[in-house]
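Have a look at the structure below, then the notes.
The values are calculated or read from the model by the stated rules, or taken from the named source; none is laboratory data. These numbers come from a predicted model, not from an experiment. Cβ sites come from the backbone with ideal geometry, for glycine too, and all protein chains shown count toward neighbours. Remember, those area values only see protein heavy atoms, side chains included, never the ligands or the DNA or RNA. Shrake-Rupley method; radii C 1.70, N 1.55, O 1.52, S 1.80 Å.
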Amino acid sequence: MSPLALTRDFTDARGGFLERAAAAGARVETHVHPLDGPAGAELATDVAWIGPDDAEAVAVVVSGTHGVEGYAGSALQRTWLRDLAPERPSSVAVCLVHALNPYGFAWNRRVNEDNVDLNRNFVDFSDPPANEGYDGIAADLVPAQWDDATQEASTAALLEHAGAVGFETFQQWVSGGQYAHPTGLFYGGTAPVWSHRTLDAIVADHLAGRRKVAVLDLHTGLGPLGVGELISSDAPDSDRHRRAVRWFGDDVTSLQAGDSVSAELSGEWLPHVADSLDGAEVTAVALEFGTVDTVTVLQALRADAWLHAHGDPVGPEAAVIKEQIWRAFADDDPSWIATLWTRFADVFGAALRGLAG
């Protein structure tokens, strides 16, 4: 069967998820966000549980860590509920976390209501990581103006920096995480945000005391079009990474080894969750699907950051910028989501078999 199509509306995505969860016999728990979505819509993170409450093995799939990336993740979760939920091994429970960052999801932002990148928010805030490379390019990344002349000048300056230090170093400066520029890109915040606290509650309520846990965090925006790269946060010589390779294959990359399309990140949540489940065998990976080229993604993020820092998010410039953001992390082409679905079904199936085995 073909995968369910992407929607462009958070409420539609959420409604479809809840409908599919009910049809699959899932038990649903809702964490309501304190802020509203467009037109006053309720924002929430919904958790659907399928399987025995006392299961020793649990497979977790998370969508919307980076808000707008949730449109693709939601479609994959909804399609799994429709097509593959009955094939779940009886001894394994499945926990689907829909829209971990519902604010960004609903408002077409990668970040949350505080301009915080949730996947940079899991650090020791008494001593956050420094990123001096970002400090030197912050003003060019998100300038105070976004007219044609400023865009041309700031982009030229950034390209000059990238040429001087090399792409890998420049990518690390830009996207590794920074904690000094609240209106900038990849900002990690000053304290645990709502989605961080909600994730901790979900882990404590549903995963504590389990013997085996698999976590799959769904992302879009990096890598070749439609290709789903599996990214481990663990060291290549660790038991967690070796187990991921056994389950998923030799193409599992490692942030610590530097062989991923992603930079090495400060404050990501996968190792935080794995470390918090003391005594459990945890296998956690991100599944990153490519969309457009890296420069196009960066330009869309820069425009969106400018809009919310210096422009008018509901003004005349907003519609064009929000379309840029959506297209940087999603694709209307049915063949794109079909490719994602095939890869996701294979990976999640391997995780379920690994847990059952």
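For beta carbons closer than 6 Å, sequence separation of 6+ or different chains, a first residue in the range 201-212 that is in contact (Cβ under 8 Å) with a residue 24 or more places away in the chain and open to solvent by 40 Å² or more (accessible area, probe 1.4 Å) and a second that is among the aliphatic types (A, V, I, L, M) and not in a loop (DSSP other than H, G, I, E, B), there are no qualifying pairs.
Looking at the range 145-165, can you tell me whether even one residue there is open to solvent by less than 50 Å² (accessible area, probe 1.4 Å) and closer than 19 Å to Asp124 by Cα? Give the steps one after another, and end with the answer.
Applying the first criterion (open to solvent by less than 50 Å² (accessible area, probe 1.4 Å)) to the range 145-165 yields 146, 150, 154-155, 157-158, 162.
Narrowing the set further to residues that are closer than 19 Å to Asp124 by Cα leaves none.
There is no residue in the range 145-165 that is open to solvent by less than 50 Å² (accessible area, probe 1.4 Å) and closer than 19 Å to Asp124 by Cα.
Among the strands (runs of 3 or more DSSP E) lying completely within the range 1-115, list those that include at least 2 residues that are open to solvent by less than 30 Å² (accessible area, probe 1.4 Å) and over 21 Å from Trp326 (Cα atoms). Lay out the reasoning, then the answer.
Values: elements: 27-36, 42-50, 57-62, 92-98.
Where strands (runs of 3 or more DSSP E) fall fully within the range 1-115 and carry at least 2 residues being open to solvent by less than 30 Å² (accessible area, probe 1.4 Å) and over 21 Å from Trp326 (Cα atoms), they are 42-50, 57-62, 92-98.
Of all residues in the range 323-357, which are outside any helix (DSSP H, G or I) and without any contact (Cβ under 8 Å) to a residue 12 or more places away in the chain?
First, pick out the residues of the range 323-357 that are outside any helix (DSSP H, G or I): 330-333, 357.
Hits for the range 323-357 are Asp333, Gly357.
Here Ile231 passes the criteria (1) free of Cβ contacts under 8 Å to residues at least 40 places away in the same chain; (2) in contact with a Leu (Cβ under 7 Å, 6 or more places away or on another chain) except the one numbered (1). Considering the conditions (1) buried (at least 20 other Cβ atoms within 10 Å of the Cβ); (2) touching a Lys or Arg at 6+ places or on another chain (Cβ under 7 Å), Glu281 is excluded by exactly one of them, (1). The set of residues in the range 155-180 that are more than 12 Å from Gly133 (Cβ to Cβ) and either touching a residue at least 60 places away in the same chain (Cβ under 8 Å) or part of a loop (DSSP other than H, G, I, E, B) (or both) comprises Thr155, Tyr179.
So which residues in the range 236-259 are of a type in the set (Ser, Thr, Tyr) and either in contact (Cβ under 8 Å) with a residue 60 or more places away in the chain or surrounded by fewer than 19 Cβ atoms within 10 Å (Cβ to Cβ) (or both)? Give the steps one after another, and end with the answer.
Let us first name the residues in the range 236-259 that are of a type in the set (Ser, Thr, Tyr), namely 238, 253-254.
Matches in the range 236-259: Ser238 only.
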